[in-house]
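Following: one structure in structure tokens, then a few remarks.
The values are calculated or read from the model by the stated rules, or taken from the named source; none is laboratory data. Computed from a prediction, not measured in an experiment: that's the story for all the values here. Please note: Cβ atoms are built from the backbone with ideal geometry, for glycine as well, and neighbour counts cover all protein chains shown. SASA here: full protein model, heavy atoms, side chains in, ligands and nucleic acids out. Shrake-Rupley method; radii C 1.70, N 1.55, O 1.52, S 1.80 Å.
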Amino acid sequence: MPDLKISTDFEGGSVEALDCRDPGAIRLALKPDGRSPDLQWFHFRLHGAKGRDCRITFENSDRLARLAGRDEIPDCWTGYRPVASHDGAEWLRVGADYRDGIFSIVDRPLHDSVDYAYFAPYPLARHRALVDRARRSPRVAHDVLGLTPDGHPIDRLTFGRAGQGRRRLWIMARQHPSETMGGWFLEGLVDRLLDPADPVAAGLREAAVIHIVPTANPDGCARGHTRTNALGMNLNRAWADPAATDAPEVAAIRDAMEAEGVDFCLDVHGDEELPYNFLGGPLEIPSRNEGLRRRFVDFMRGLEAASPDYVRRHPYPGGAPEAADLRMAWNWIAERFGCLTVLLEMPFKDQIDVPDARYGWSPQRSARLGRAMLDPIAAALPGLR
Ligand SMILES: [Zn+2]
């Protein structure tokens, strides 16, 4: 029998191998984000286990922090199954076991080398291919809002031209690098916007100018971080004062928003605990008002009509907070620009309303939701101001 080996020497690779002598008792640890204690994301390659029954245990899986007020919601490991791939293209859900706070992958690999990850990775090469595809279109302008501490560009795609009466829409994803479903979602959304034969996309390109930042935190993506950038900062806690909080990525995006203006913003995320898609609106900001609330309710109805993968009955987990956290993008942007902002959370688990035992919530489903999202955005356009 060959020796088992675990490697992580690739983009986004992350895990600490503690002991892999016995396939039935492989011991690993989730790795924290450099300077920050945040942990959750894993992506590693297991070699030499073809046809062997493997039990791969994350010894520190009981050390994850939970958001406040979520005690009645199952934690991130309950009902969760990891993904595996032998070709980097198709990611299937595999077996899992969760006991006394400790999570294990349970699998018998069909190949000599198999990748395991928390969710299907969205590689930076794929981000670059999306940017290149958009750049080839006469409908799109591409620019770079700034460089990250590790030297990655923060790419922006702009559909439509600014002008009198045109609404200014902003869509961004992956402030949190582990939430790779955001990359797949934006790929679906951008590809639909690029489609010359799609009437909803054509209407949006005509009536609005749409700024898209597909990868807000490329350093975190490349490093395999869970929540932070190269400086250890959670970007979605940096919007109130990015200059003072080691968040040059947020400073660059904020500066561009100040220069262009904002009439609508969609910020795309993933949630480790919720087994469904969830939308948040600017309902707790200091300047909240009835008009914003109505626009948000209409938006939720619009997405519900556009996709069975969004169902409105799921309430805000733990109840809405009394006051908005203005360090978070969607709250800060709504307060600063007095506009509708929407937070999208997609599941890492499965979507309980339309479950899929083979793939769970997946790249394909994320991309389709991204395509569907253009419908409520188009419907909201006339009433944004
Ligand atoms: Zn997030």
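Okay, here's what the table says:
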| read-out | value |
| --- | --- |
| Residue check for Leu169: under 30 Å from Pro275 (Cα atoms), more than 16 Å from the ligand (Cβ to nearest atom) and touching a His at 6+ places or on another chain (Cβ under 8 Å) | yes |
| Any pair with Cβ under 7 angstrom, 6 or more apart, that starts in the range 356-367 at a residue that is at negative phi and ends at one that is of a type in the set (A, V, I, L, M) | Arg358/Leu92; Tyr359/Leu92; Trp361/Met181; Trp361/Met346; Ser362/Ala120; Pro363/Ala120; Ser366/Met181; Ser366/Met346 |
| Residue within the range 128-143 that is open to solvent by 30 Å² or more (accessible area, probe 1.4 Å), touching a His at 6+ places or on another chain (Cβ under 7 Å) and either within 16 Å of the ligand (Cβ to nearest atom) or modelled with pLDDT of 95 or more (or both) present | yes |
| Condition broken by Leu189, with the remaining ones in (1) more than 10 Å from the chain's Cα centre (by Cα); (2) open to solvent by 10 Å² or more (accessible area, probe 1.4 Å); (3) more than 14 Å from the ligand (Cβ to nearest atom) satisfied | (2) |
| Residue in the range 265-286 that is farthest from Leu303 (Cα to Cα), counting only those that are open to solvent by 10 Å² or more (accessible area, probe 1.4 Å) and more than 15 Å from the ligand (Cβ to nearest atom) | Pro286 |
| Output for the range 172-186, where each listed residue is aromatic (Phe, Trp, Tyr) and either within 11 Å of the ligand (Cβ to nearest atom) or open to solvent by less than 10 Å² (accessible area, probe 1.4 Å) (or both) | Phe185 |
| Failed item, numbered, when Ala230 is tested on (1) away from the ligand (no atom under 16 Å from the Cβ); (2) over 16 Å from Gly146 (Cβ atoms) | (2) |
| Set Arg327, Arg336, Arg368, Arg385: member being away from the ligand (no atom under 16 Å from the Cβ), under 24 Å from Ser178 (Cβ atoms) and open to solvent by 30 Å² or more (accessible area, probe 1.4 Å) | Arg368 |
| Residue count, the range 100-126 (criterion: within 23 Å of Val213 (Cβ to Cβ) and surrounded by fewer than 21 Cβ atoms within 10 Å (Cβ to Cβ)) | 4 |
| Near pairs, Cβ below 9 angstrom, 6+ apart or cross-chain, from the range 131-151 (outside any loop (DSSP other than H, G, I, E, B)) to any residue that is of a type in the set (Phe, Trp, Tyr) and surrounded by 15 or more Cβ atoms within 10 Å (Cβ to Cβ) | Ala134/Phe159; Val140/Phe159; Ala141/Phe159 |
| Positions within the range 39-60 being crowded, with 19+ Cβ neighbours inside 10 Å, farther than 19 Å from Tyr122 by Cβ and not aliphatic (A, V, I, L, M), in sequence order | Cys54, Thr57, Phe58 |
